[in-house]
Protein chains: 2
Amino acid sequence: MARAKRATLKSIASDLGVTHTSVSNAYNNPAKVSKALRDRIIAHARSVNYEGPNPAARSLRTGRCGAIGVLFNDQLSYAFTDPHDIAFLRGISSVCEEEGANIVLIPLQNKRPEQRDQLAAIVDGFILNAPYRSHPTIRQALARGLPTVVVDFDAPELSSVLTNDRAAMQAVVAHLLALGHRHLAIVTFPREEGTGEIRSLEDDFSDESYVVHERMEGCRDAVDAAGVPRSAVLVCETTNCEDGGQRAAAWLLRCRPELTALVCFSDRLAYGALAGAASIGRQVPGTLSVTGFDGIDPPGGMSPGQRLTTVRQNACEKGRRAAEILLCPDKEGTTSIAIEAEFVVGDTSGAAPEAGKQ
Amino acid sequence: MARAKRATLKSIASDLGVTHTSVSNAYNNPAKVSKALRDRIIAHARSVNYEGPNPAARSLRTGRCGAIGVLFNDQLSYAFTDPHDIAFLRGISSVCEEEGANIVLIPLQNKRPEQRDQLAAIVDGFILNAPYRSHPTIRQALARGLPTVVVDFDAPELSSVLTNDRAAMQAVVAHLLALGHRHLAIVTFPREEGTGEIRSLEDDFSDESYVVHERMEGCRDAVDAAGVPRSAVLVCETTNCEDGGQRAAAWLLRCRPELTALVCFSDRLAYGALAGAASIGRQVPGTLSVTGFDGIDPPGGMSPGQRLTTVRQNACEKGRRAAEILLCPDKEGTTSIAIEAEFVVGDTSGAAPEAGKQ
DNA sequence: ACGGCTGGGTTTATCGATAAACATCGGCGG
DNA sequence: CCGCCGATGTTTATCGATAAACCCAGCCGT
């Protein structure tokens, strides 16, 4: 059964002896066509299995297509393992549902670089939850000149939804310093070309993602205020998942047993770090404090009674607001929204052990 | 800063005094244009912020757009709370990443019915994980006549990815019957127009979703084989989330205290049912057995030590295979794949209490 | 009796690309 | 020296719709 040539506005029109404009109007502009003709048209269209105008053609002509593109900088298949990203998508989807918009998930091009294919997405705008401007796909998206909302991304010229990462992180570190911790390590996300060596807060983070940069600034705010030297705070990067956190923690604690606190840049890392710490016999919060960032539910079967000390941010709300800015613009021009993240003390941070030891 | 009129193939061509076809070829058909000209074109295009041909126009002309549409029958914002659906999407996305395809998430039209707007998605094919054919959006998708893969859906004319729900469910119920249970209730998903009354396995489920129908058949297979009357197995419907399971369990166990086993059609329901049972003092598996379906991780902080008796199915694999059928077709015609779900005995099912009581 | 309005259609231009057929030209085998 | 080929461009048709301008009959008020 070779697929029959599909009906078009024109074919329907000529079947019925009317003009294609009338058929178009029957679908889009019912007021411009008599009820009788409209019924005749719709009935005939149904009978030849025509379910409305071709979306690509319509989109070309009107310049709108009813979809928004969402770009993560991570792999999509990663995003679908990360509760934060999932909640973000849930927020976006709730608005899109309301507005009847489709969501186009756009994987980054990570194929062989010579392939450099074009960003084919047909969308009316973008939500970028992507820390790096430099990626070719992101560049292409920005070059389209479509309405765009960035999330946790430094782009003053665009609408944005931002979190107070800096202040929140400052609160975390201040909390640990107040508990007497002096040997801290930050567990952060990998750079594009990370070497993996241990750095410290003295180093330069201005090339890293907006989020990392802001959080590092927050850490500095806290240590500077406490008079602790930046060099005393180590920085270690690892992939953002439970496994990465576990490996990083185990390794750090073995190399630098004097550490008493791990400041993780995500809850996933933190939950992993808890497992890593347990694996080499460090007790939390007795001999080690661990903090996270995000406020997600603990992974299944993990640390049931214990609540993580973390920064709670509402990823769903971030998604929702971003989608709202794109789909329900109150006004021309750009909009910027700040979402407050909240520092919450849990059961994984406590007084530094033997404060006088050093 | 009014948005400058965007560059097009034609404008670039006339800027450079060449024909628009050459510009098109520079992007799509490098072999057909001299290296010198191509470089000149790309350089100029860059300088006027042109990042490649307009996707809608290209899609209209070529008939392809590099995206696949995914339709759930539930709300999208629900799908992003369900580990099964998320894993399914992860599977799809891993293939799409590989193939460089975009994913269009299409919310069902649930606005005012008079709105009956058209399915605007611009896609090359569909993955339908949608139990009901009757929904207008699903109808429109099917009417497009594009390559389509259905998942857990009864459509013999299309490619499909199916699970052996029936046999798996049969195993679950046979297991419970073997443990001596004679008063069972099935906790299932809501019908489109459910009334909420308690039914039994005697009732008719042929109008319900494919998945529900198959699983009910599996249950019947087991009870019929054991000589247990179908009327002895209750059927109760509730929304598919932990809360729904909890409410349904609490209510069922209060109305029908003689029940000793709850057969839940999803793990989310089952985890909810465990909470519901606990809330009214039933011990699992001592005085009540609970089974699930899916094999997802337990929700955060829930029943840490206890493993659910359930049917493990690989939702990620389902998504992957569906996407592969769509994006990497080996041959013409339709393909059907079966994915085996596996019954696993956990700690939530045990011998019926006081087998001799009744 | 006549100009203006309105409901219901039609004509024509256009959205921005790709595809296929066609032109031009230098080189090269016979 | 001729005819053909490959490399490089150009012309023209087309994908399937929407928008804007236009046309026309009937009706209305004056």
| task | Counting other beta carbons within 10 Å of each Cβ, put A:Leu60, B:Leu269, A:Leu274 in order, fewest first. | result | A:Leu60, A:Leu274, B:Leu269
| task | Taking each label point as 7 Å beyond Cα in the direction of the beta carbon, state the distances from A:Asn29 to the same residue in the other copies, shortest first, in nm. | result | 3.6
| How far is A:Glu340 from itself in the other copies, in nm, if each label sits 7 Å out from Cα along the Cα-Cβ line, shortest first? | 5.6
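Explain nothing, just the number: dipole magnitude of the range B:221-353 about its Cα centre with +1 on each Lys and Arg Cβ and -1 on each Asp and Glu Cβ, in debye rounded to the nearest 20. Before the final figure, lay out the partial values.
Details: 12 positive and 16 negative charges, 84 e Å.
My answer is approximately 400 debye.
Once you keep just the Cα pairs under 8 angstrom separated by 6 or more residues, what percentage relative contact order results for the range B:217-317?
So the answer I get is 22 percent.
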| field | B:Asn28-B:Asp203 pseudo-label distance in nm [points 7 Å out on the Cα-to-Cβ vector] | value | 5.5
| field | chain B: relative contact order as a whole-number percent, Cα under 8 Å and 6+ apart | value | 17
| task | Return P(r) of the range A:240-319 (all Cα-Cα pairs; 5 Å bins starting at 0; whole %; ordered from short to long distances). | result | 3, 17, 29, 25, 15, 7, 3, 1, 0
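What per residue convex hull volume, in Å³, do the alpha-carbon atoms of chain B yield?
Cα-based convex hull of chain B, divided per residue, equals 187 Å³.
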| message | With the cut-off at 29 Å, tell me which of the pairs A:Lys10/B:Lys32; A:Lys32/B:Lys10; A:Lys5/B:Lys331; A:Lys10/A:Lys32; A:Lys331/B:Lys5 have Cα atoms farther apart than that. | response | A:Lys10/B:Lys32; A:Lys32/B:Lys10
| query | Using the count of nearby Cβ atoms within 10 Å as a rough guide to exposure, how do A:Ser266, A:Ser231 rank from fewest to most? | reply | A:Ser231, A:Ser266
| said: Run the label-point distances for B:Arg64 please: 7 Å along Cα to Cβ, every other copy, nanometres, shortest first. | reply: 3.1
| request: Give, rounded to the nearest 20 debye, the magnitude of the charge dipole that the protein assembly as shown has about its Cα centre when Lys and Arg contribute +1 at Cβ and Asp and Glu contribute -1 at Cβ. | output: 2460
| said: Run the helix sum for the protein assembly as shown: -39,500 (n - 2.57) per DSSP H stretch of 4+ residues, divided by residue count, reported at 222 nm to the nearest 500 deg cm²/dmol. | reply: -12000 deg cm²/dmol
| said: Given the C-alpha atoms of the protein assembly as shown, compute the convex hull and give its volume per residue in Å³. | reply: 190
| request: Calculate the length of the line joining the C-alpha centroid of the range B:267-317 to that of the range A:166-238, in whole Å. | output: 41
| remark: Sorted by chain and then number, the residues having a modelled amide H within less than 5 Å of the amide H of B:Thr309, at least 5 places away or on another chain, are B:Gly292, B:Gly346, B:Asp347, B:Thr348, B:Ser349
| said: Which one, B:Ala13, B:Ala43, B:Val33, is farthest towards the positive end of the dipole of the range B:9-53 when Lys and Arg carry +1 and Asp and Glu -1 on their Cβ? | reply: B:Val33
| remark: Sites removed, the longest contiguous part of chain B containing no DSSP-loop GluC sites (Glu not before Pro) with at most 10 other Cβ within 10 Å is B:1-156
| Whole-number Å³ per residue for the convex hull built on Cα positions in the range B:103-250 | 141
| request: Provide, as a two-decimal number, the C-alpha radius of gyration of the range A:9-53 over 2.2 N^0.38 Å, N being how many residues it has. | output: 0.96
| said: How big is the dipole moment of chain B about its Cα centre under a simple scheme where the beta carbon of each Lys and Arg is +1, that of each Asp and Glu is -1, and everything else is neutral? Debye, nearest 20, please. | reply: 1760
| Once Lys and Arg get +1 and Asp and Glu get -1 on their Cβ, which of B:Phe293, B:Val212, B:Ala278 lies farthest toward the positive end of the dipole of the range B:209-358? | B:Ala278
| Hey, what do the phi angles of the range B:52-67 turn into as Karplus ³J(HN,Hα) couplings, whole Hz, using 6.51/-1.76/1.60 and θ = phi - 60°, x for Gly and Pro? | x, x, 4, x, 5, 5, 4, 5, 4, 6, 7, x, 10, 9, x, 9
| remark: re the range A:1-148: pairs of Cα atoms spaced beyond 20 Å account for a percent value of 61
| note | Taking B:Ser24, A:Ser279 and counting other beta carbon atoms within 10 angstrom, the fewest-first order is A:Ser279, B:Ser24
| query | At q = 0.12, 0.13 Å⁻¹, what base-10 log of I(q)/I(0) does the Debye formula yield for the range A:165-312 when every alpha carbon is treated as an equal point scatterer in vacuo? | reply | -0.41, -0.49
| Cα lying deepest toward the dipole's positive end in chain B, options B:Ile198, B:Leu71, B:Gly52, charges on Cβ | B:Gly52
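Read-outs throughout are calculated quantities, based only on the coordinates presented, and are distinct from any laboratory measurement. What you see is a predicted model, and the numbers here were worked out from it, not measured in a lab. Virtual Cβ from ideal backbone geometry, glycine too; neighbours counted across all protein chains shown.
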